[in-house]
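Quick notes on the structure that follows.
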Amino acid sequence: MSARRFSIEPVGPFDLSRSIGFLESWPATRRPAEGDDVLRFTYCAEHDWQPVGVRVAQAGDQVEVAVMGPGCDEESVPAQVARILSLDVDSTGIDDIAARDPIVARLVADSPGLRPVCFWSPWEAACWAVLTQRSSMRTASMQKQRIADAYGAVVTVDGRELRAFPGPREVLAAPSLPSVDPVRTTRIRDLATAALDDTLTAATLRAMPTEEALAALQELPGIGAFSAGLVLIRGAGAPDVFTTSEPRLLTAVRTAYGLSEGAALDSYRDLAQRWRPLRSWVSFWLRAATGYATPVSRSPRRADPPRTRR
């Protein structure tokens, strides 16, 4: 199968090896260590929900991408890959944020070149949100993998057979979802309908003002305030959102900034104003530094200094 190739030049620092290190310990992906600095994955692209295999490597400032599979020829695929790795965002403002916030300065220094890694699509993020409700991440990860094993398409990347999480059409056509209870199954099927009618796609969500996008997401079955934030930030890749609905994030902020247990939510919001226009990014770094996935680099690169546009 022939591959389509293109390059992405990040604006601001980027270290692919740190993204790979994050994915190796992120329960939502269950990506095994492969021993090299190449990222390989497959997903169902939003334009037609056909599977796409992706190979990403970094050479200096350039990120080299090869895509293959039934959905790879669509014009929007490069933008989708860029969103997944947060390469669609100008990060040259990081130095300004770090200059006014020493906590951010330390986070950046600890993991230079780390950018938020998103779910392959808002659809997949929403399914993860439903699977994790009243359940552990370990259980949700196993359920998600079983759904992929049962209904996901396989694309071969560098001789490796990689299975995608199924698109919404496959989920709607499936007689059942392995090990998923009826309530969650119904919610996921409803989310599949929303994905097919373009409600649950990155292009739609990123085009809306933040509050409207969060409200629209909360109208979907099984999506509350916490899940809406997850889908918008880590699914659609919105770079400048801060939510107070995630206990893990509030704990990380409280620990890093020395807020009291009883601090008002407005205190968190006021503090996060320092992080504009990358509030989602700083939230990601705080969670990664204190949560389940420490952003280590398996073969550290020297981060390139931010480039200033003239």
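The values are calculated or read from the model by the stated rules, or taken from the named source; none is laboratory data. Predicted, not measured: the structure shown is a model, and the values here were computed from it. Backbone-built Cβ (ideal geometry, glycine too); neighbour counts: all protein chains shown. Side chains are part of the model used for accessible areas, which takes the heavy atoms of the whole protein and leaves out ligands, DNA and RNA. Shrake-Rupley method; radii C 1.70, N 1.55, O 1.52, S 1.80 Å.
Couple of notes before you dig in:
- Computed over neighbours whose Cβ is under 11 Å from that of Ser86, the net charge equals +1, Lys and Arg +1, Asp and Glu -1.
- In the range 1-106, the GluC sites (Glu not before Pro) that fall in loop regions by DSSP, at most 11 other Cβ within 10 Å: Glu75
- In the range 170-251, the GluC sites (Glu not before Pro) that fall in loop regions by DSSP, at most 13 other Cβ within 10 Å: Glu219
- Computed with a 1.4 Å probe over protein heavy atoms only, the accessible area of Asp88 comes to about 70 Å².
- The mean sequence distance of close C-alpha pairs (under 8 Å, at least 6 residues apart), as a share of the length of the chain, puts its relative contact order at 24 percent.
- Residue with peak Gaussian network fluctuation, the chain [Cα springs, cutoff 10 Å], from Ala264, Ala105, Ala125: Ala264
- Accessible solvent surface per residue of the chain, calculated while the other protein chains remain in place, 1.4 angstrom probe, Å²: 43
- Mean residue ellipticity (222 nm) of the chain, computed from DSSP H runs ≥ 4 via -39,500 (n - 2.57), nearest 500: -12000 deg cm²/dmol
- Between the residues Leu87, Tyr151, Thr139, the greatest Cα displacement towards the positive end of the dipole of the chain, with unit charges on the Cβ of Lys, Arg, Asp and Glu, is found for Thr139.
- Neighbourhood charge, 12 Å Cβ-Cβ cut-off, centred on Leu191 and excluding it, Lys, Arg +1 and Asp, Glu -1: -1
- Paired Rg and Dmax values of the chain, which use every Cα atom, in angstrom: 18.7, 58
- Translational diffusion of the range 1-106, estimated by Stokes-Einstein from the Kirkwood radius over alpha carbon pairs at 25 °C in a medium of 0.890 mPa s, is 162 µm² per second.
- Environment charge at Ala289 (Cβ cut-off 13 Å; Lys +1, Arg +1, Asp -1, Glu -1): +3
- With every protein chain in place, the chain: carbon and sulfur % of accessible area (1.4 Å): 50
- P(r) weight above 19 Å for the range 136-280, C-alpha pairs, percent: 62
- Counting only Cβ charges, +1 for Lys and Arg and -1 for Asp and Glu, the dipole size of the range 122-215 around its Cα centre is about 380 debye.
- Of the DSSP H helices in the chain, those whose Cα atoms cover at least 20 Å axially and whose Kyte score averages 0.0 or more: 182-196
- Relative contact order, percent, the range 96-225 [alpha-carbon distance under 8 Å, six or more residues apart]: 21
- Of the trypsin sites (Lys or Arg not before Pro) found in the range 51-153, those that fall in a DSSP loop while having at most 12 other beta-carbon atoms within 10 Å are Arg134.
- The residue list Ala126, Gln50, Leu172 was ranked by how far each Cα lies along the charge dipole of the chain toward its positive end, using unit charges on Cβ atoms, and Ala126 comes out on top.
- Dipole of the chain, positive direction: furthest Cα of Phe226, Val253, Ala203, with charges on the beta-carbon: Val253
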